[in-house]
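Visitor: Before I ask anything, here is the structure I am working with.
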Amino acid sequence: MRIGFFTDSYFPEIDGVTYTIKLWREALEGEGYEVYVVYPDGDYAPSDRELPVRSVPNPFYPGYRIPLVRRPSTLPELDIVHCHGPATVGRLGRYYAKKRDLPSIYTHHTPIEEYFYQNVRFEAVANALKRLYVPVETSFLRSFDVVTASTDRIDRDVPHVRLPVGIDTEFFSPTAKDWYPDRTVIGYSGRLSMEKNVEEILRVAETLPEHEFVIVGEGPRRAWIEGNAPSNVEVRDFLPRESLPVFYSSIDAFVTASTADTLGLSPLEANACGTPVAAADVAPFDQTIGSANGRRFEYGNLESMADAIRACLDSTSDPRAAIDPYDIRHTVSNLTSIYDGVRSSPDNAPTVSADLELADE
């Protein structure tokens with residue numbers, strides 16, 4: 001089966017969507033599928049079956065690019081179209097599927113309207129943009145045979161299948177190597193951008209001077225974070241992918257104050273390495289983080305955040321065992337079932353159902 005992934009986010013940019021596509025592609029190709037990735041071009045040399053679309057820099061979100069156009073006739077013959085974004089490349093995929101009468105699947109990764117609130121100065125303007133944008137994206141999603149989402153946080157009036165993007169629990173596992181054997185360290189790894197609210201980590205670090213914090217990542221907020229970090233916070237560059245399991249295994253707790261995730265890969269990766277997670281009590285963490293794998297805190301409440309971190313440091317639970325439902329093997333098994341079902345008939349696409357509720361408070 002020849003599957004086309006159409007994505008508006010890909011290498012060299014590093015984010016959850018990019019790594020999800022990479023992981024899904026590798027897992028599917030391991031099962032004998034051919035996976036083609038159509039993506040915005042950039043400072044990245046494509047390998048086999050990676051097909052760039054001409055693009056220009058995005059002036060509103062540094063690091064990302066705005067794809068322009070590529071003729072569908074230049075693309076290979078596909079059996080299924082699977083889109084991973086609502087912008088130009090995603091719409092190219094939907095057009096390709098419609099013209100060839102192919103099954104089409106959409107995976108909802110990002111609540112883009114949340115970025116309006118993070119990047120627009122006036123809330124009234126952000127509200128207006130949201131009112132305009134969400135119905136447009138909803139209409140686009142309704143044109144697909146199947147829509148999937150990692151959790152119930154999709155906020156679109158469309159039928160959807162709950163399909164977590166998955167964690168490679170063989171790669172992300174506890175390591176013998178420990179970077180901080182004699183220190184108590186709270187860590188964060190991810191994009192340093194406004195929607196991740198990393199400044200909240202700086203604020204709580206000031207209230208916990210007895211502990212060390214390590215923030216790993218790159219992004220448009222990097223300079224501000226470095227310039228405002230208290231003395232007990234170290235800011236490090238993005239780690240090579242192969243070093244992340246060591247980092248997650250070495251820290252004593254992972255903390256995130258993000259309010260814009262649809263699943264939150266980094267926290268679950270830390271869990272897979274045996275590290276508990278302190279996360280804001282917002283979607284999706286109200287569905288993925290509970291006492292079995294961490295603690296939640298009231299967003300914006302520093303005392304609550306500090307208490308959650310302390311509870312993680314004192315925890316004796318097994319976070320790795322708790323996140324087994326998010327293993328990539330379950331994801332790929334369900335994904336191939338969706339592909340097989342939708343190829344025979346859109347009405348035959350299965351509904352993925354699993355008890356994935358980890359939160360128990």
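The values are calculated or read from the model by the stated rules, or taken from the named source; none is laboratory data. Every value quoted in this text rests on a predicted model; they were computed, and no experiment measured them. Cβ placement follows ideal geometry from the backbone for every residue including glycine, while neighbour counts extend to all protein chains displayed. Calculation scope for accessible area: heavy atoms of the full protein, side chains included, ligands and nucleic acids excluded. Shrake-Rupley method; radii C 1.70, N 1.55, O 1.52, S 1.80 Å.
Visitor: Return P(r) of the chain (all Cα-Cα pairs; 20 Å bins starting at 0; whole %; ordered from short to long distances).
Guide: 29, 59, 12, 0
Visitor: Taking only protein heavy atoms and a 1.4 Å probe, what accessible area per residue, in Å², does the chain have with all protein chains in place?
Guide: That works out to 43 Å² per residue.
Visitor: Oh, and also: Taking amide H positions as placed 1.01 Å from N in the peptide plane, with prolines and chain starts having none, which residues 5 or more places from residue 147, or on another chain, fall under 5 Å of its amide H?
Guide: When sequence neighbours closer than 5 places are left aside, the close amide H contacts are 106, 161.
Visitor: Report the gain in length on full extension from residue 131 to residue 29: 0.36 nm times residue separation, minus Cα-Cα distance, nm rounded to one decimal.
Guide: 32.7 nm
Visitor: Given a 1.4 Å probe and the protein chains all in place, what does the accessible area of residue 47 round to, in Å² to the nearest 10?
Guide: Its heavy atoms expose roughly 60 Å² to the probe.
Visitor: Hey, what angle do you get for helix 123-141 against the long axis of the chain, alpha-carbon based, 0 to 90 degrees rounded to 10?
Guide: With both axes taken from Cα atoms, the answer is about 40 degrees.
Visitor: Can you list the residues of the range 218-248 with backbone N under 20 Å from a point 7 Å past the Cα of residue 207, pointing along Cα to Cβ?
Guide: Of the residues in the range 218-248, 228-234 have backbone N under 20 Å from the label point off residue 207.
Visitor: Angle check, please: helix 16-30 long axis (alpha carbons) against the longest principal axis of the chain (alpha carbons), in degrees 0 to 90, nearest 10.
Guide: Around 60 degrees separate the two axes.
Visitor: Points 7 angstrom from Cα along the Cβ direction at residue 345 and residue 155: gap in nanometres?
Guide: Spacing of the two 7 Å Cα→Cβ label points: 3.7 nm.
Visitor: Please tell me the relative contact order of the range 101-236 in percent, rounded to the nearest whole number, where contacts are Cα pairs under 8 Å and at least six residues apart.
Guide: RCO, the range 101-236: 19 percent.
Visitor: To continue, here is another question. Can you give me the long-range amide H partners of residue 50? Hydrogens built in the peptide plane at 1.01 Å from N, cutoff under 5 Å, separation of 5 or more residues or another chain.
Guide: Counting only residues 5 or more places away or on other chains, the set is 37.
Visitor: Same structure again: Give me the one-decimal nm value for the distance between modelled label points at residue 329 and residue 69, 7 Å along each residue's Cα-to-Cβ direction.
Guide: 4.7
Visitor: A further question follows. Whole-Hz ³J(HN,Hα) for each residue in the range 320-331, computed from phi via Karplus 6.51 cos²θ - 1.76 cosθ + 1.60 with θ = phi - 60°, x for glycine and proline: what do you get?
Guide: Karplus-based 3J(HN,Hα) across the range 320-331 equals 4, 5, 5, 9, 3, x, 9, 4, 4, 5, 5, 4 Hz.
Visitor: Sticking with this structure for a sec: Which whole-number percentage describes the relative contact order of the range 173-273, with Cα contacts under 8 Å and a sequence gap of 6 or more?
Guide: Contact order relative to length: 41 percent.
Visitor: Among bridges DSSP assigns within the chain, what percent are antiparallel (round to 5)?
Guide: 5
Visitor: Hey, any idea what % of the chain's accessible area is carbon plus sulfur with a 1.4 Å probe?
Guide: Roughly 48 percent of what the probe reaches on the chain is carbon or sulfur.
Visitor: Another question, if that's okay. Return a whole-number percent for the relative contact order of the chain, with Cα pairs under 8 Å and 6 or more residues apart as the contact set.
Guide: Reported as a whole number, the value is 14 percent.
Visitor: List the residues whose amide H sits under 5 Å from the amide H of residue 167, counting only those 5 or more places along or on another chain, with H placed 1.01 Å from N in the peptide plane.
Guide: 327, 328
Visitor: Can you work out ³J(HN,Hα) from phi for every residue in the range 82-94, in order, using Karplus 6.51 cos²θ - 1.76 cosθ + 1.60 and θ = phi - 60°, giving whole Hz and x for Gly and Pro?
Guide: Each residue of the range 82-94 in turn: 10, 9, 10, x, x, 8, 4, 5, x, 6, 4, x, 5 Hz.
Visitor: Still on this structure: Using the Karplus curve 6.51 cos²θ - 1.76 cosθ + 1.60 with θ = phi - 60°, what ³J(HN,Hα) values do you get for each residue of the range 288-304, in whole Hz, with x for Gly and Pro?
Guide: Those phi angles translate into 10, 10, x, 5, 6, 9, x, 9, 10, 9, 6, 4, x, 9, 5, 5, 5 Hz.
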